[in-house]
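The structure appears below as structure tokens.
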Amino acid sequence: MVRTRLYRNGVLEAQGFPVADVSDHLTDPSAVVWFDLCPDDGDDIDAVREELGLHALAVEDALHEHQRPKLDRYASHLFLTVYGVALDATTGELDTQELAAFITPRALVTVRKDPRFDIDEVTGRWDDSPDLAKSGVAFLLHGLLDYVVDGHFAAVQSLDEQIEALEDQLFDDHPRDKAVQRRTFELRKSLVLLRRVVLPMREVVNSLLRRDLHVVDEAMQPYFQDVYDHVLRETEWTESLRDLVTTILETHLTLQSNRLNVITKKVTGWAAIIAVPTAITGFYGQNVPFPEFGKPLGFWTSTLVIVVLSTVLYWAFRRNDWI
């Protein structure tokens, strides 16, 4: 369903009106409109395109998925692409919801390519700050970007917590190598996807802050600067997490190698101990006469030699921490 809003002189006057009424509202210089569309609303998109003079390339990008987060500048409007994200803490899978927006001097048009994008949360943020509505499109755009960036921040924070938990598992007394390795690759995959939608946001928000675009007025400048600061922190955080995941993988492989060396050392020590009775019984098992051959004393002598030498080897290996 198409959702619409009309602000006049910074006051919400109407909502839920047809898209066809947009042209009537825009005749008033004090009016600012917002309407939300889906790619399936082909007729409404065509009507909006004619009404606002949207560029054909921008409309094409709005209808096709998997666009890069960006801000394109056209003669009469700006075109924005952003992604909302949600991280599943159980599976470590990152879910993305793509949204496109057309930004004109007195209208904001959002095109949700994924219905899971929570536009109600965006409208809720607008309702929570009615005193900023006088800034028009800048006010609407800030609420949208603030919701998107906060979602990125929450996902980065959740990834950080899960990676820290993964670090603790590396040095567990009973390590689960297969589970740790699988979880590491799951988080690394989500982190790579998150970086793809977070890093371009730095350029997007920085471009909106440019004065020659005339999008952000003086009243909204601090609010957009706050969003930009959040984007910078997310960018630095994702970079550090990428290095941390790489370190975890390398540490995991190193620990596996060290455990293998310890096991090999212990097996070798026990093999040396077992070689003593094997050698003695093999010697006494020769089909030739030897001292005390065929007498009980020969058996007890060989047994005593085995026990003494095995005990000496065990003590020596244990002292050197080889077993």
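The values are calculated or read from the model by the stated rules, or taken from the named source; none is laboratory data. Bear in mind that the values here come from a model prediction, so they are computed numbers and not experimental data. Cβ sites come from the backbone with ideal geometry, for glycine too, and all protein chains shown count toward neighbours.
For the stretch 5-40, how many residues are surrounded by fewer than 19 Cβ atoms within 10 Å (Cβ to Cβ) and within 39 Å of the chain's Cα centre (by Cα)? If you could, list the steps in order and put the result at the bottom.
From the stretch 5-40, those surrounded by fewer than 19 Cβ atoms within 10 Å (Cβ to Cβ) are 8-18, 20-21, 23-24, 26-30, 38-40; that's our starting set.
Restricting the remaining residues to those that are within 39 Å of the chain's Cα centre (by Cα) gives 10-12, 14-18, 38-40.
Looking only at that region, the number is 11.
Selection of the stretch 62-85 for residues being assigned to a helix (DSSP H, G or I) and surrounded by fewer than 18 Cβ atoms within 10 Å (Cβ to Cβ) yields only Leu63.
Anything in the stretch 85-131 that is under 30 Å from His25 (Cα atoms) and touching a Lys or Arg at 6+ places or on another chain (Cβ under 6 Å)? List them, or say none. Please lay out each step first, then the result.
Start the filter on the stretch 85-131 by keeping residues that are under 30 Å from His25 (Cα atoms), which leaves 98-131.
Selection gives Glu98, Leu99.
Scanning the stretch 300-315 for residues that are surrounded by fewer than 12 Cβ atoms within 10 Å (Cβ to Cβ) and modelled with pLDDT under 80 turns up just one, Trp300.
Which residues, counting only those in the stretch 193-251, are assigned to a loop (DSSP other than H, G, I, E, B) and among the small types (Gly, Ala, Ser)? Talk me through it step by step, then tell me what you get.
Within the stretch 193-251, the subset assigned to a loop (DSSP other than H, G, I, E, B) is 209-210, 214-220.
Matches in the stretch 193-251: Ala219 only.
Among residues of the stretch 187-216 being over 23 Å from Val85 (Cβ atoms) and among the charged types (D, E, K, R), the one that is surrounded by the fewest Cβ atoms within 10 Å (Cβ to Cβ) is Asp212.
With respect to Leu57, is the statement that it is surrounded by 15 or more Cβ atoms within 10 Å (Cβ to Cβ), modelled with pLDDT of 85 or more and not acidic (Asp, Glu) true? Steps first, please.
On the way: surrounded by 15 or more Cβ atoms within 10 Å (Cβ to Cβ): no; modelled with pLDDT of 85 or more: yes; not acidic (Asp, Glu): yes.
No: the conditions fail for Leu57.
When you go through Ala219, Ala279 one by one, which is the residue that is modelled with pLDDT under 85, of a type in the set (Gly, Ala, Ser) and either surrounded by 12 or more Cβ atoms within 10 Å (Cβ to Cβ) or not assigned by TED's automatic domain parsing to the domain that holds Gly143 (or both)?
Details: Ala219 fails: modelled with pLDDT under 85.
Being modelled with pLDDT under 85, of a type in the set (Gly, Ala, Ser) and either surrounded by 12 or more Cβ atoms within 10 Å (Cβ to Cβ) or not assigned by TED's automatic domain parsing to the domain that holds Gly143 (or both) holds for just one of Ala219, Ala279, which is Ala279.
Here Gln157, Gln169 are screened, and the one residue that is assigned by TED's automatic domain parsing to the domain that holds Pro105 and closer than 19 Å to Leu255 by Cβ is Gln169.
Over 18 Å from Glu239 (Cα atoms) and of a type in the set (Asp, Glu): does that describe Asp128? Spelling it out, Asp128 is indeed over 18 Å from Glu239 (Cα atoms) and of a type in the set (Asp, Glu).
If you check Arg125, Arg112, Arg106, Arg116, which single one turns out to be in contact with a Phe, Trp or Tyr (Cβ under 7 Å, 6 or more places away or on another chain) and of a type in the set (Lys, Arg)? Break it down into steps so the answer makes sense when it comes.
Numbers: Arg112 fails: in contact with a Phe, Trp or Tyr (Cβ under 7 Å, 6 or more places away or on another chain); Arg106 fails: in contact with a Phe, Trp or Tyr (Cβ under 7 Å, 6 or more places away or on another chain); Arg116 fails: in contact with a Phe, Trp or Tyr (Cβ under 7 Å, 6 or more places away or on another chain).
Step by step, each of Arg125, Arg112, Arg106, Arg116 is checked, and only Arg125 is in contact with a Phe, Trp or Tyr (Cβ under 7 Å, 6 or more places away or on another chain) and of a type in the set (Lys, Arg).
For the stretch 101-121, the set of residues classified as in contact with a Pro (Cβ under 9 Å, 6 or more places away or on another chain) and within 22 Å of His64 (Cβ to Cβ) consists of Val111, Arg112, Lys113, listed by residue number. Identify all residues within the stretch 102-150 that are crowded, with 18+ Cβ neighbours inside 10 Å and assigned to a loop (DSSP other than H, G, I, E, B); write none if there are none. Hits for the stretch 102-150 are Lys113, Phe117, Gly136.
Only one of these is within 26 Å of Lys134 (Cβ to Cβ) and among the charged types (D, E, K, R): Arg5, Arg68, Arg49. Name it. The match here is Arg5.
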